[in-house]
1. Just to be sure before I move on: is PHE35 out of contact with any Gly (no Cβ under 9 Å at 6 or more places or on another chain) and either surrounded by 15 or more Cβ atoms within 10 Å (Cβ to Cβ) or touching a residue at least 12 places away in the same chain (Cβ under 8 Å) (or both) in the structure I sent?
2. I need the full set of residues from the range 46-85 which are of a type in the set (A, V, I, L, M, F, W, C), open to solvent by 40 Å² or more (accessible area, probe 1.4 Å) and free of Cβ contacts under 8 Å to residues at least 40 places away in the same chain, in order please.
3. Need a quick list: strands (runs of 3 or more DSSP E) entirely within the range 97-168 having at least 2 residues that are modelled with pLDDT of 65 or more and over 26 Å from LYS44 (Cα atoms).
4. Residue check: is SER105 hydroxyl-bearing (Ser, Thr, Tyr) and open to solvent by 80 Å² or more (accessible area, probe 1.4 Å)?
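The values are calculated or read from the model by the stated rules, or taken from the named source; none is laboratory data. Everything numeric here is computed off the predicted structure, so don't read it as measured data. Counting neighbours? That spans all protein chains shown, and the Cβs are built from the backbone with ideal geometry, glycine included. To get the accessible areas, we keep the full protein, side chains included, count just its heavy atoms, and leave off ligands, DNA and RNA. Shrake-Rupley method; radii C 1.70, N 1.55, O 1.52, S 1.80 Å.
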Amino acid sequence: MGFERAKITVSSATTGTGIKVTLRKAKTGPASMIFSIKGDIAIKLGWAEGDKLEVLIGTDGDHGLLRFRKNNSAGDAVVKFKRAMKAITYATINLGHQARFVDRSEAGRWCQHEEVEDGYLEIVLPRWADETAPKKPLAQIPMATKPTQPPEKPVASRAVTSDLMGDPPPGRRQMLDKIGQI
């Protein structure tokens, strides 16, 4: 038996986009959608502990997109800051169950995001959001066209066995009689 030295590669926890979404489903009740946002991003957006965010969920063609904007007077989601290790802080936003998306546990996935008009932060949800995307109406789906092929010629009936094994030579019975007399 031989051994060889292991190559250990550890990636930094700071890699990623800075915004991660997780679906957590308990034994009872539907799955909750929870966002973790790097503290730098939350502070840059002007979010503080206890701020309320207005949350918009994309429909139809924008399915799988969410928009967050600070709005303490009409917001629903609450920003909570947490501390991991000594100096690293991050914000969490719990949106609870969203019926537009799958109802199961999903591990945390990094999300693409960008700041858009009117102070919104637009987030692109991971691939699991596509599973619940609305179906396109039949009028928008292009119909497949059947390729035109020349009509097939009818196959003449023939004896397949004789083609494969061959026909016996003519006069076979007479030949067997001659062999039997010798």
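1. yes
2. ALA48, ALA74, VAL78, MET85
3. 106-110
4. The answer is no for SER105.
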